[in-house]
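Have a look at the structure below before the remarks.
Laboratory data are not the source of any read-out in this text; all were calculated from the coordinates shown. This one's a predicted model, so the numbers in the text were calculated from it and none came from an experiment. Here Cβ is always computed from backbone atoms with ideal geometry, including for glycine, and neighbour counts include all displayed protein chains.
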Amino acid sequence: MTKRTLASMIFMTSLSACLTSPPPLTVAKADPQRGTFGSVYMIDGRQHYGELLALDDSTVAMQLRNRIAIGSLSRIQTILFDDFATNDVGPERHMAPGTLRKGRQVSRFPYGITAPAMARLLDLSKQSAPDRLEGTTP
């Protein structure tokens, strides 16, 4: 077997692998400037309006006016943003994977806030730590 034949076989094998592989998962592109705007309604009746920074299966991070705040989904009754809404939160409830994915896609940081990004946001808002949605005034 010549080197040319061997190279041709390797090329054809790799080409067929590329053609038969499943397509990569599609994820919405992050908007580096803004997340969607809306409100979260706490189980104690308070409402907070702001920008959705990040969302995961247990917490939500928002920018309220010029302050960064995080809250536990177990303390939130309803989430209503321009491009995303759910009441699939609260004590003893778990957000469905599709709902969580949609919420992440419309947030400013769909893959989560990195430590340097959070540090910069806190520095810009002159905070040493994020406020808690459970303890801030509306």
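Fewest neighbouring Cβ atoms within 10 Å first, the residues Asp82, Asp131 line up as Asp82, Asp131. Ranked by how many other Cβ atoms sit within 10 Å of their own Cβ, fewest first, the residues Leu80, Leu55, Leu124, Leu133 fall in the order Leu124, Leu80, Leu133, Leu55. This ranking places Ser58, Ser128 by how few other beta-carbon atoms lie within 10 Å of each, fewest first, which gives Ser128, Ser58.
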